[in-house]
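Since the structure comes first, as structure tokens, the remarks are kept for the end.
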Amino acid sequence: MFKILFLIIILFIFITVYSFKKKIDGILDSVFPSKNREKKSKDSLEELVQCANCGIYVPRSHAIRKIRIKGDDLYFCSSKCKEEYKSKQ
Ligand SMILES: [Zn+2]
């Protein structure tokens, strides 16, 4: 009889601790939404463009766009690369 009572108490403690942990996780998520941030960064994975000068790949929003040449958009990783490419032409 005592064994069963003991098991019930253990189970009760386990459930209490588990729900408490879930509550804390929820609070932590609202204060530090790191998981949501990870999701967002994955969603906002954008197309990579190649720097016409050094060949490095950079996200389109970080690239410096140059004029079109024969219908192709040229991108550069930095203004330095843009200037270098210009001087090569
Ligand atoms: Zn470059």
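Tell me, which residue of the stretch 60-89 that is surrounded by fewer than 13 Cβ atoms within 10 Å (Cβ to Cβ) and at pLDDT 90 or above is farthest from the ligand (Cβ to nearest atom)?
Applying the filter and picking the extreme gives Ser87.
Pairs needed: first member in the stretch 18-35, surrounded by 10 or more Cβ atoms within 10 Å (Cβ to Cβ); second member anywhere, assigned to a helix (DSSP H, G or I) and modelled with pLDDT of 80 or more; C-beta distance under 7 Å; at least 6 residues apart or different chains.
Pairs found: Lys35/Asp29.
The values are calculated or read from the model by the stated rules, or taken from the named source; none is laboratory data. Note that the structure is a prediction, hence the values are computed from the model and not measured. Every residue, glycine among them, receives a Cβ derived from its backbone with ideal geometry; neighbour counts consider all protein chains shown.
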